[in-house]
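Structure, as structure tokens:
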Ligand SMILES: Cc1cc2nc3c(=O)[nH]c(=O)nc-3n(C[C@H](O)[C@H](O)[C@H](O)COP(=O)(O)O)c2cc1C
């Protein structure tokens, strides 16, 4: 698979086979992704690979916190506080596409909530990746980190695995750092589900649309 093919094949997968992911494959993915560029080669990434009993404990704590207090607080503001178009519309369409694929009615709040909660189990993927960086890092490191994250996802596709990046997990930094023993002042950027795609699952059956290149590009000469 070449790079263009990997870019085309990568998609967010939200249902996985109950099949363990070999540690060698995870090492291969992270080793490949560590080739990502970073300003001054500072390589700000710190990755937790969570599975088994630790994953079960972590997701249980997050889910029970969510069900009682409803919302945690992330270490940084990911989405705009005030949504404007076209981003607002794209976000709405993204949700509509997901719930209509699952035939969940817009007004069925319980079903929507349960689908959201699946985030906290990384959609039952065997592996939950969590991405941290040192608190001394600045905005530039978010650029570096984005390149690393996409590299993880492309390398996963290349060796037959599937992923879903998860900002949802960054809503519970305190629990996650406590359970995994990371310093509380580290920044938790996001999580990621990793596993083998369940190709029969309806939720994995759709692809999200993209704007035409001409709509976001201007050529100057
Ligand atoms: C940083 C980041 C965080 C994301 N967080 C979530 C999440 O918490 N839950 C989820 O279901 N999808 C999440 N997504 C997936 C996006 O919804 C998805 O990438 C987008 O709709 C485009 O679809 P595609 O990945 O299938 O191409 C996230 C994606 C990124 C890049």
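Values in this text are rule-based calculations from the coordinates and carry no lab data. All figures in this text were calculated on a predicted structure; none of them were measured in a lab. No Cβ is skipped: glycine too gets one built from the backbone with ideal geometry, and neighbour counts run over all protein chains shown.
Computed quantities for the displayed model
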{"quantity": "Order of 152, 202 - criterion: other Cβ atoms within 10 Å of each residue's Cβ, fewest first", "calculated": "202, 152"}
{"quantity": "Radius ratio Rg over Rh of segment 75-194, counting only Cα atoms, Kirkwood formula for Rh", "calculated": "0.98"}
{"quantity": "Overall dimensions of segment 1-56 as given by Cα atoms, namely Rg and Dmax in Å", "calculated": "14.4, 40"}
{"quantity": "Using distinct alpha-carbon pairs, which all enter the 1/r mean, Kirkwood radius of segment 125-221 in Å", "calculated": "15.9"}
{"quantity": "Principal axis box of segment 134-184, alpha-carbon based, largest edge first, Å", "calculated": "34, 26, 18"}
{"quantity": "Span from the segment 165-208 Cα centroid across to the segment 70-94 one, whole angstrom", "calculated": "17"}
{"quantity": "Which of 90, 207, 14 has the fewest Cβ neighbours within 10 Å, and the rest in rising order", "calculated": "207, 90, 14"}
{"quantity": "Ranking of 149, 169, 180, 89 by count of other Cβ atoms within 10 Å, fewest first", "calculated": "89, 180, 149, 169"}
{"quantity": "Percent breakdown of C-alpha pair distances by 5 Å bin, ordered from the shortest bin, for the chain", "calculated": "1, 6, 13, 17, 20, 19, 14, 7, 2, 1, 0, 0"}
{"quantity": "Computed [θ] at 222 nm, deg cm²/dmol, the chain (DSSP H ≥ 4; -39,500 (n - 2.57); rounded to nearest 500)", "calculated": "-12500 deg cm²/dmol"}
{"quantity": "Counting DSSP beta bridges with both ends in the chain, the antiparallel % (nearest 5)", "calculated": "95"}
